[in-house]
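Undergrad: Got a structure for you, written out below as structure tokens; questions coming shortly.
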Amino acid sequence: MTTTTTARAGAPRMAPPSLVRLTGVELRKLADTRAGYWLLITIGLLAAAIATVQLVVPDARARSFADFFSASLLPVGVLLPVLGILSVTSEWSQRTTLTTFALVPRRHRVVLAKLAAGTVAGVASVGISLAVAAAGTVIGNVAGGDVSWSFEAAAIGHAAVLQATGVLTGLAFGMLLLHTPLAVVLYFLLPTVWGLLGDMIPALRAPAQWLDTGVTLMPLATPDVTAGQWARVAVSLAVWMLAPLLAGVVRVVRAEVC
Amino acid sequence: MIAVEHLSKRYGRHAAVEDVSFVCEPGTVTGFLGPNGAGKSTTMRMICGLTPPSSGGATVCGVGYRHLPNPGRQVGVLLDAAAQHAGRTGREALTLSAQLIGVDRRAVEEKLDLVGLNAVAAKRRVRAYSLGMRQRLGLAQALLGDPRVLILDEPANGLDPEGIYWMRGLLREFADRGGTVLLSSHLLREVEAVADQLVVIGRGRVVARGSKRELLAGAGTLVRARDPQTLAGALRRAGLAVTAATDGALTVPADAGAVGQVAADAGVALLELRPAGGGGLEQMFLTLTAGDSVKEAVR
């Protein structure tokens, strides 16, 4: 077998990979494994399933494009954080960090690329929700129903914030824990437990209005968000997204990779 | 070129690597030898910026690894062939790296071909790969950016004899074209066949370092006697260190004349007397690192 392993001397190819390039690679990684591929398919199928329910079940019938759209945000929003978690933890469990960080030793750049890719994925999912809502509206009308196209464009921006921060929160939990089952369980368990405690303990009721993402993020599925609601969104995300994110970045950048 | 200077790594009170220094020059293959748990992988991870050293440092191409702008184009790294995403195809794993370091997609096919992974293998997910196939994939990944330096940790693991022979040729050719190769192994024969420089490590410390010729020359004389115990006693009384192999052969760090004289004076009949040669390195390796593997297993 002949080889072409040339050991060429100095060449004009030393520029570090740009953040755009790194983000492109991270986006590709979201879909190029069997697990990632099926997770994305599942997200799409769930959105379609909810729309189907809204077409078929009389009590759940959607009366407008907006109904279809806001209903699809929830199932998609539940799985998007898992996409974020896996984006980090699968690299550690499959030990591809050995390759990733050997090729990009400035690890914060990989982290930035993962955050950018997660944001893109979250925003792109809103496109899927729009497509599903459009399909639902058309089918509803074709089937003889009376489904209006009424929709407020502001809902798109709110949904984008909701879904993108969902992926970013998943990334934050992934980086903080570096362990798939632990990150997934804690991601779903902590807010639930916090919500339960908020219901049970009167003293926690007031803070829960600011910290329970199950409550604070709800307005984002609608076109109308008041300044007070935005403040609660910001405070709750600072606790559940930003704090674990910062701690997670420190952990990933410093961790020994083996 | 790779320069390692006083590299140390401590985990709590346990010193995994202690004051390791060596240099790998362009045009050479450096074999990094040691039993399991001696600190080879930790040292290589420190060279590649994946493990922060407790003290000391290393440079590749003149700078610290973390300061290389696009390391994939200068250094080919294969630290663990098993560290691939099981759910990705072989071609996809290479395509990701190619995209990351900015080489043409054609390089992927070229390297797959070079390491002998055919179209069918490239399409399969890594989960279905044997360790040997993973080694070939890892080697393709390391070569993807046409680097001038290769850092390979146990690359022969899992390769069949034909694969090992092929890899030796590939590494030799890479070095002969001016490349620098650092490869580790716990299998002496593997390294002996391809390396021209050797660094032997045991319990985290460098125990021998130099050209293969130097280290082999220092290996002394192999002698076999009808009565090995008497001969060993006589040699020791003559002030010579004796290393006994299980088959009764003795290795002595002295020339054949001196050993023959001791045997004649002691009246011992010899069966064999020759320079320790190729087998000497093995003796040295066993002697220098004796007991390490056992301790590792027991700890």
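Undergrad: If I build a Gaussian network model for chain B, linking alpha-carbon pairs within less than 10 angstrom, which residue out of B:G163, B:G138, B:G239 has the largest mean-square fluctuation?
TA: Result: B:G239 has the largest fluctuation of those listed.
Undergrad: Under 19 Å from a point 7 Å along the Cα-to-Cβ line of A:R254: which residues of region B:9-30 have their amide N that close?
TA: The answer is B:9-13, whose backbone nitrogens lie closer than 19 Å to the label point.
Undergrad: Right, next: How much net charge surrounds B:T221 when only other residues with a Cβ under 13 Å from its Cβ are counted (Lys, Arg +1; Asp, Glu -1)?
TA: 0
Undergrad: Quick check on the protein assembly as shown: helices-only [θ] at 222 nm, where DSSP H runs of length 4 and up contribute -39,500 (n - 2.57) each and the sum goes over total residues. Nearest 500, please.
TA: The per-residue figure over the protein assembly as shown is -17500 deg cm²/dmol.
Undergrad: Follow-up. Rounded to the nearest 0.05, what FRET efficiency do B:A264 and A:A243 give with R0 = 60 Å and r taken as the Cβ-Cβ distance? Could you check?
TA: FRET efficiency, B:A264 to A:A243: 0.15.
Undergrad: Right, something else. Taking each residue of B:170-177 in turn, how many C-beta atoms of other protein chains fall within 10 Å of its C-beta, and what is the average?
TA: Rounded to a whole number, the mean comes out at 3.
Undergrad: Now a separate question. Measure nothing but the geometry: give the 0 to 90° angle between the long axis through the Cα atoms of A:154-177 and the longest principal axis through the Cα atoms of chain A, rounded to 10°.
TA: 50 degrees
Undergrad: Using only Cα atoms, locate the centre of region A:94-131 and the centre of region A:225-242, then give the distance between them in Å, rounded to an integer.
TA: Centre-to-centre distance over Cα atoms comes out at 24 Å.
Undergrad: Can you tell me the orientation of helix A:34-56 relative to chain A, as the angle in degrees between its alpha-carbon axis and the longest Cα principal axis, to the nearest 10?
TA: That helix lies at roughly 10 degrees to the long axis.
Undergrad: When DSSP assigns beta bridges and you keep just the ones with both residues in chain B, what percent turn out antiparallel, to the nearest 5?
TA: Given both bridge residues lie in chain B, the antiparallel proportion sits at roughly 60 percent.
Undergrad: Within 12 Å, Cβ to Cβ, of B:K123, how many net charges do the neighbouring residues add up to if Lys/Arg are +1 and Asp/Glu are -1?
TA: Charge balance in the 12 Å sphere: +3.
Undergrad: Please find, in a Gaussian network model of chain B (springs between Cα atoms separated by less than 10 Å), the residue of B:G210, B:G202, B:G233 whose mean-square fluctuation is greatest.
TA: Most flexible of the set in this elastic network: B:G233.
Undergrad: Just to compare against my own numbers: the Cα pair-distance distribution for the protein assembly as shown, 10 Å bins, whole % per bin, please.
TA: For the protein assembly as shown, the binned pair fractions read 3, 15, 21, 19, 15, 11, 8, 4, 2, 1, 0, 0 percent.
Undergrad: In nm, give the distance between the simple-model label positions of A:T192 and B:E25, each being 7 Å from the Cα along the Cα-to-Cβ direction.
TA: 6.5 nm
Undergrad: Charges only on Cβ, +1 for Lys and Arg, -1 for Asp and Glu: so what's the dipole of the protein assembly as shown about the Cα centre, in debye to the nearest 20?
TA: 400 debye
Undergrad: Among B:V75, B:L170, A:P207, whose Cα sits farthest toward the positive end of the charge dipole of the protein assembly as shown (+1 at Cβ of Lys/Arg, -1 at Cβ of Asp/Glu, about the Cα centre)?
TA: B:V75
Undergrad: Which of the listed residues, A:V132, A:A247, A:Y187, is farthest toward the dipole's positive end in chain A, when Lys, Arg count +1 and Asp, Glu count -1 at the beta-carbon?
TA: Value computed over the given set: A:A247.
Undergrad: Can you work out the FRET efficiency for the pair A:A231 and B:R177, with r the C-beta to C-beta distance and R0 = 60 Å, to the nearest 0.05?
TA: Computed FRET efficiency for A:A231 and B:R177: 0.40.
Undergrad: Which of the helices in chain B, when you take each full DSSP H run, stretch at least 24 Å along the axis at their Cα atoms and have an average Kyte-Doolittle score of -0.5 or higher?
TA: Span-like helices, by this rule, are absent here.
Undergrad: Another question about this same structure. Please compute the net charge surrounding A:A172, taking Lys and Arg as +1 and Asp and Glu as -1 over other residues with Cβ under 12 Å from its Cβ.
TA: Charge balance near A:A172 sits at +2.
Undergrad: When Cβ neighbours within 10 Å are restricted to other protein chains, what is their mean count per residue of peptide B:79-85?
TA: So the per-residue partner count for this stretch is 6.
Undergrad: Please identify which residues in region A:36-57 have an amide N closer than 12 Å to a label point set 7 Å out from the Cα of A:S150, following the Cα→Cβ vector.
TA: No residue passes the distance filter.
Undergrad: Go through A:143-155, A:106-118, A:216-228 and give me the packing order, highest mean Cβ count within 10 Å leading.
TA: Per-residue Cβ counts within 10 Å, averaged per peptide and sorted highest first, yield A:106-118, A:216-228, A:143-155.
Undergrad: In the protein assembly as shown, what % of DSSP beta bridges are antiparallel (nearest 5)?
TA: 60 percent
Undergrad: For the charge dipole of chain B, defined by +1 on Lys and Arg C-beta atoms and -1 on Asp and Glu C-beta atoms about the Cα centroid, which residue among B:A193, B:V115, B:Q84 has the Cα displaced farthest towards the positive pole?
TA: B:Q84
Undergrad: Let me ask you something else. Across the protein assembly as shown, how many lysine pairs separated by 8 or more positions, or lying on different chains, have Cα atoms within less than 18 Å?
TA: For the protein assembly as shown, the number of qualifying lysine pairs is 5.
Undergrad: Mind checking the dipole of region B:2-211: about its Cα centre, +1 per Lys or Arg Cβ, -1 per Asp or Glu Cβ, Debye to the nearest 20?
TA: That gives a dipole near 700 debye.
Undergrad: Specify the angular offset, from 0 to 90 degrees and rounded to the nearest 10, of the alpha carbon long axis of helix A:65-93 from the longest principal axis of the alpha carbons in chain A.
TA: 20 degrees
The numbers here are math on the coordinates, done by the rules we state, and not lab data. Being a predicted model, the structure only gives us computed values, none of them experimental. No Cβ is skipped: glycine too gets one built from the backbone with ideal geometry, and neighbour counts run over all protein chains shown.
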